[in-house]
Amino acid sequence: QVQVVESGGGLAQPGGSLRLSCAASGFTVSSYTMSWYRQAPGKERELVASISGVDSPNYADSVQGRFTISRDNAKNTVYLEMNLLKPEDTAVYYCNAKKWILDIWGQGTQVTVSS
């Protein structure tokens with residue numbers, strides 16, 4: 001079965017850190033463009049970070065320098081390390097895998113940044 005499953009969300013204080021994981025099955029993450037998106041209440045879903053092949057990762061301006069996307073090919077898993085979290089980072093975070101016409105989404109994981 002082709003799927004991605006996110007984990008690692010939760011509650012963090014402003015300035016804190018969280019690491020999200022995206023475990024893939026049924027395909028190889030190294031051959032797909034792997035991305036993290038987020039959607040806050042009342043807002044559209046937005047691209048946070050993406051990684052593809054040997055290209056350099058891409059980041060949204062709002063997370064540049066604070067978030068890091070990485071890929072462990074041996075574990076077939078993609079991560080999003082989030083540091084210096086801000087309340088405006090609060091959202092449901094989704095993992096996405098894309099290749100040609102294939103577009104795979106996870107169920108999302110909630111991240112809440114609050115004191």
Count of lysine pairs in the chain with Cα separation under 27 Å (8 or more residues apart, or interchain): 5
Added length on full extension, which subtracts the Cα-Cα distance from 0.36 nm per residue, residue 56 to residue 27: 8.3 nm
The chain, relative contact order [Cα under 8 Å, separation at least 6], %: 37
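Highest mean first, how do 67-74, 38-45, 93-100 rank when packing is the count of other Cβ atoms within 10 Å averaged over residues?
Listed from highest to lowest mean packing, they are 93-100, 67-74, 38-45.
Read-outs: derived from the displayed coordinates by stated rules, not from any lab. Values in this document were obtained by computation on a predicted structure and should not be read as measured data. No Cβ is skipped: glycine too gets one built from the backbone with ideal geometry, and neighbour counts run over all protein chains shown.
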